[in-house]
Amino acid sequence: AEIAVAENPPSVRGGRLGTVIYIAAATGGVWKSTNAGVSWTSVFDSARVPSIGAVSVAPSNSDIVWVGAGEPQNMRSSSWGNGVYKSADGGRTWSGPMLPGSQHIGRIVIDPRDPNVVYVAALGPLWTAGGERGLYKTSDGGKTWTNTKEISRFTGFTEVVMDPLNPDVLYAAALQRERRAYSFLPAGPESGIYKTTDGATAWTRLTQGLPTGELGRIGLSVCRSRPNTVYA
């Protein structure tokens with residue numbers, strides 16, 4: 001589902017850097033390599049949640065790892081999770097689940113200035129309305145959470161990306177969806193792209209140059225060399 005790379009210390013760029021890599025598998029848990037992928041160890045078995053949607057390593061402290069349970073796909077066979085987890089020791093131990101009603105996590109982003117500031121794109125349940133859907137933020141390492149952008153019972157967030165030069169600027173993609181045993185509505189007018197310039201205190205929906213009408217799932221990427229360039 002997702003790959004996260006931890007370089008400790010991040011400033012070291014030697015010719016033989018031993019890169020630590022985490023892989024979040026859609027139905028296979030979280031795996032860690034400390035030798036650039038030569039061998040792997042499963043590090044999330046204790047949580048007893050096999051379906052993973054996101055994994056992220058704190059840029060300022062590579063021992064801090066966040067995992068979002070529940071793959072963010074929309075298939076009948078998509079497995080769900082029970083929230084987000086945090087490790088402060090490189091995946092050896094994990095916290096209890098936070099945001100347990102989210103069921104499917106699209107992305108986790110950590111502020112490079114402060115590892116306690118974390119943003120979570122939560123899709124919410126696939127087979128029913130409600131749950132914990134929205135763009136969640138914690139400023140205290142997961143003790144408390146705020147849903148900074150809540151849209152409706154059928155619309156959650158699949159994506160959140162951060163400006164590499166200004167961590168207070170983020171872009172997020174919302175998805176309106178509803179699956180039933182006999183049908184699937186993969187798009188809706190509530191899907192769209194949002195931007196914040198103040199660390200998720202306020203969000204603005206972006207419309208200029210974008211398609212109108214019902215939108216489906218959207219992926220986002222900010223150009224690292226020119227952050228004013230954003231791809232959707």
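The values are calculated or read from the model by the stated rules, or taken from the named source; none is laboratory data. Please read all numbers here as calculations on a predicted model, not as lab measurements. Note that we place each Cβ from the backbone using ideal geometry, even for glycine, and neighbour counts take in every protein chain shown. Just the protein is used for accessible areas: all its heavy atoms, side chains included, with ligands, DNA and RNA removed. Shrake-Rupley method; radii C 1.70, N 1.55, O 1.52, S 1.80 Å.
General observations
- Protein accessible area in region 1-149, 1.4 Å probe - carbon and sulfur %: 51
- Annotation: per residue accessible area for region 58-194 equals 38 Å², rounded to a whole number [probe 1.4 Å, protein chains only].
- Spin-label proximity, residue 224 to region 107-127 - amide N less than 17 Å from point 7 Å beyond Cα toward beta carbon: 109-113
- A crude spin-label estimate for the pair residue 195 and residue 150, with each label 7 Å from Cα along the Cβ direction, gives 2.7 nm.
- Taking every C-alpha pair closer than 8 Å and separated by at least 6 residues, the mean separation divided by the residue count of the chain gives a relative contact order of 11 percent.
- Annotation for region 146-189 versus region 42-59: alpha-carbon center distance of 21 Å.
- Cubic angstrom per residue, convex hull over Cα atoms of region 1-149: 101
- The chain, dipole about Cα centre (Lys/Arg Cβ +1, Asp/Glu Cβ -1), debye to the nearest 20: 320
- With a cut-off of 12 Å between beta carbons, the residues surrounding residue 112 carry a summed charge of -3, where Lys and Arg count +1 and Asp and Glu -1.
- In this structure residue 140 has an accessible area near 50 Å², from a 1.4 Å probe over the protein heavy atoms.
- Gyration tensor verdict on region 162-232 (Cα atoms; rounded if a/c is under 1.5, prolate if a/b is larger than b/c, oblate otherwise): prolate
- If you take all other residues with their beta carbon under 15 Å from the beta carbon of residue 27, and give Lys and Arg +1 and Asp and Glu -1, the sum is -1.
- Net +/- balance of residues flanking residue 199 in space, Cβ distance below 9 Å, scoring K and R +1, D and E -1: -2
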